[in-house]
1. Which percent, nearest 5, of DSSP beta bridges in the range 2-243 are antiparallel?
2. Could you state the angle between the C-alpha long axis of helix 41-57 and the longest principal axis of the C-alpha atoms of the chain, as a value from 0 to 90 degrees rounded to the nearest 10?
3. Length gain on complete extension for the stretch ASP194 to GLU3, per 0.36 nm per residue less the alpha carbon to alpha carbon distance?
4. Measure off, as a whole percent, the carbon and sulfur share of the 1.4 Å-probe accessible area of the range 97-141, all protein chains present.
5. Take every Cα pair under 8 Å in the range 2-243 that's 6+ residues apart, average their separations, divide by the length, and report that relative contact order as a whole percent.
6. Does anyone have the angle between helix 165-174 and the longest principal axis of the chain? Alpha-carbon axes, 0 to 90°, nearest 10?
7. Return one whole number: the accessible area per residue of the range 113-247 in Å², for a 1.4 Å probe.
8. Kirkwood Rh over alpha-carbon pairs of the chain, then Stokes-Einstein at 37 °C and 0.692 mPa s: what D in µm² s⁻¹, rounded to an integer?
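The values are calculated or read from the model by the stated rules, or taken from the named source; none is laboratory data. Not measured: the values here are computed from a predicted model. Here the Cβ positions follow ideal geometry from the backbone for every residue, glycine too, while neighbour counts run over all protein chains shown. Accessible surface is based on the protein model in full, side chains and every heavy atom, while ligands, DNA and RNA are left aside. Shrake-Rupley method; radii C 1.70, N 1.55, O 1.52, S 1.80 Å.
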Amino acid sequence: MIELSSSTWTDMRDVLASGPPLAVLPFGALEQHGPHLPLDTDTRQAEAIARGIASGLDAVLLPSIEYGNTWGNAAFPGTVSLSVDTVAAICGDIAASLDAAGFALLVVVNGDYGNRLPLQLAAEKRAAAGERMPVLVLDYPGLVDIGDQVKESPWAAPGLCHADELETSMMLAISPATVHPERFVAEYPGLPPDFGQRPQALAPLGETGVFGDPRAATAAKGEQIIAHVVTQSLAAIERTLRSLGLR
Ligand SMILES: [Zn+2]
């Protein structure tokens, strides 16, 4: 694995000369994660998972994008959101630049629900325009399966985890000094009957910003979750590389 931010241009010239490399881009967000997790939780998680993927692939790890589309959390102080257009443009511009440089594939490791649509839009636009280098967007494949295995607390809704046992476990594994266990609080907000079917803000649904229960979180669970998502991501990338004739 090579980290782009700490490499020199001559390092990258040599990497590119040895064959078209793969790039891995962690795409995070700056959004509320309850009273006990930092605002950059999604970025730190995406970066940890992207690092595992880049190591497994011997790929080029790009610097993280620390902002994302998170208007639904805007009512919580500290949340800073990009529009869907900006997220799509950032991803599209980075992809165009890597394409011109000769990369084989851009894997985007998405850490924020609100980025899903714009990142897919960026990938779709490139495919429709017939651009050479494809973009593969991964939304933590396998997260729900490993969540079902390790979680002791119920989900706030099927597959919904936000500042809960899963996210708190990952943060205990990645960056324990940023976690405030003395502030752990469980909250299971009542969700509207069409939750997930239309864009809607999270802020009015609960008081703390927690969707679930962080109290059973452990670093060991976090390590298990990250390892599983990295393994499932590598399998998904392998399928794409085979499909593209790159393996
Ligand atoms: Zn999160």
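1. 25 percent
2. Taking the Cα atoms of the chain, the angle to 41-57 is about 40 degrees.
3. Numbers: separation 191, 0.36 × 191 = 68.76 nm, distance 4.21 nm.
Net length gain for the segment: 64.5 nm.
4. On the way: 1100 of 1950 Å².
That share works out to 56 percent.
5. On the way: 469 pairs, mean separation 54.9, N = 242.
Here the relative contact order equals 23 percent.
6. The angle comes out at about 50 degrees.
7. Numbers: 6870 Å² over 135 residues.
The answer is 51 Å² per residue.
8. Details: Rh = 18.5 Å.
Taking Rh from Cα pairs, D becomes 177 µm²/s.
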